[in-house]
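For reference, the structure is listed below as structure tokens.
The values are calculated or read from the model by the stated rules, or taken from the named source; none is laboratory data. Everything numeric in this text was worked out from a predicted model, so none of it was measured. All Cβ positions, even for glycine, are placed from backbone atoms using ideal geometry, and neighbour counts span all protein chains on display.
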Amino acid sequence: MSSRIDFNTVTVKGCRVDIAPLDSLNYSRLAARDPTEVEKLLRVCQTPGIFYLDLQDGHTKQWLADLQHVYALSERFFDLPNDSKMKSYREDDDSG
């Protein structure tokens, strides 16, 4: 399956730069199962490349705030000495 990407070209500091198109999906619309947004997700997942997941609306602001707390907790955990981290090791849990 080959796919042709049509790049846009812009000039940055005198140099021509190719920019690939990037689809944007709205998380809240996906969570609400909006048919148009779900169809868009299906389309972008069937083609090579990446997409942007828009988390900038009211429904996701708390989720993003919570995520910052999770990042801080994970940093504290990984800053612990190895022997402390190994206390939470479970041999049967190999999912990451």
What pairs can you find where one residue is in the range 53-64 and within 13 Å of Leu25 (Cα to Cα), the other is modelled with pLDDT under 80 and part of a helix (DSSP H, G or I), and their Cβ atoms are less than 8 Å apart, with a gap of 6+ or different chains? Leu55/Trp63; Leu55/Leu64
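Can you give me the ranges of the strands (runs of 3 or more DSSP E) entirely in the chain with at least 3 residues that are more than 16 Å from the chain's Cα centre (by Cα)?
Working: elements: 8-12, 15-19, 23-26, 51-54.
The qualifying strands (runs of 3 or more DSSP E) are 8-12, 15-19.
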